[in-house]
Amino acid sequence: MREALFYDKLEGGRVHCTLCALDCRIRSGGRGACGVRVNHEGTLYTLVDDRVVARHIDPIEKKPLFHFLPDHTSYSIGTVGCNFRCLHCQNFSISQEPRLGARAAKGREPAVVCPSLEDLQAAVPGQWVTPAGLVEDALATGCRSIAYTYNEPTIFYELALDTARLARDAGLANVFVTNGAITAAPLERIAPVLDAANIDLKNFDPAAHQRMTGAALAPVLDSIHRYHRLGIWIEVTTLVVPGYNDAEDQLRALAGFLSDLDPDIPWHVTRFHPTYRLRDRPATPVETLRRAREIGREAGLRFVYTGNVPGEDGENTCCPACGAELIRRFGLGVRWNRLDGGRCPKCRTEIPGVFDR
Ligand code: SF4
């Protein structure tokens, strides 16, 4: 059982976790909002430092990262738990597992008055892993990076940090797929070994963001700035949900924020399909995504991609200077890549991102 990083001890056995913007104060015997950090007698422990519940080899395009070593496979891992409560979570069975599992067990099993730390950790689903074993597997399967994904990687920070350091030594890149709620100090600590991140920006209206995710918007915006300032390659994804963030002013606000920060940040506007607690909403009309792409480009963004709609022009990369098509994609696959050392072969414009140069 591993003591957590980034927390302070308070009076009366309480602790204050400072790892993410949820900023939990946790009484002895309690857990943080993520469900996987537990206060045991005044010390905060992580329950997910040695187990993953999902492990797959994915194309990097699935994260999505389109300007980060295109067409490579990424060894992708995730645990249970999340600090957000998104009503439209596509991975809710693992992200909300600590909460859903506890609810399902309630009333069926005799109450455990004071479970030991070992019992708590044993109840966490997943395969036992070590950072060295993960890196070894990633290398053996020919992956070029490790992606910390599926649930929020901040909440399995200790496992991610140790693995990322070993991965970097072994020549692998490290990628976060994140909701952006990590605080400054942990991000600064992992930044030297973190190569890229796809950050979700779900809404630009604070009240709507809180309603849909259970978390505040402002720390996410701060975090996007921080990732960028630290020199980590970032791409941003907005899942466009009908009736939630598909209004023109919403999309303009999102695009304007990114464009003001850096017009070279790729923005992915992706299609929503009914899921979890939003099964009553329709899938996003393709026309809405096309309009969102136009809005992004009108705001000055040079790379705006539509996602979850295979076959759309919006998933290809074009040179912002001469318009030449540089990377043709279909869904999560790359059909061809004409980049020449990261440059347009026609007009020699350098394309922002991380490419084999
Ligand atoms: S990681 Fe975030 S949600 Fe989890 S205990 Fe810490 S502050 Fe709370």
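Every number here is computed from the coordinates shown, using simple stated rules; none is lab data. All values reported here derive from a predicted model rather than from experimental measurement. Counting neighbours? That spans all protein chains shown, and the Cβs are built from the backbone with ideal geometry, glycine included.
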What's the long-distance tail for segment 228-309, i.e. % of Cα pairs beyond 17 Å?
44
Taking the alpha-carbon centroid of each part, what is the distance from segment 137-188 to segment 19-79 in angstrom?
9
Beta carbons within 10 angstrom, averaged per residue: use that to sort the peptides 4-13, 48-57, highest first.
48-57, 4-13
At 0.36 nm per residue, minus the direct Cα-Cα distance, what do Glu11 and Lys346 gain on full extension? Give it in nm, one decimal, please.
114.1 nm
Quick one: if you stick a label point 7 Å off each Cα along the C-beta vector at Val286 and Asp137, how many nm between them?
3.7
Cβ-defined net charge surrounding Glu41, 15 Å radius [Lys, Arg +1; Asp, Glu -1]
+1
For Glu118 and Asp313, extending 7 Å from Cα along the Cα-Cβ vector and measuring point to point gives, in nm, a value of 6.4
Regarding segment 123-180, what's the average projected area of the Cα-atom convex hull, expressed in nm²?
4.2
If we sort 285-298, 162-175 on the protection proxy, mean other Cβ atoms within 10 Å, highest first, what's the order?
162-175, 285-298
Value of [θ]222 nm, deg cm²/dmol, for the chain, DSSP H segments ≥ 4, -39500 (n - 2.57) each, nearest 500:
-8000 deg cm²/dmol
How much FRET efficiency would the formula 1/(1 + (r/R0)^6) give for Arg338 and Asp169, where r is the Cβ-Cβ distance and R0 is 41 Å, rounded to 0.05?
0.80
Of all beta bridges DSSP finds with both residues in the chain, what is the antiparallel percent, to the nearest 5?
50
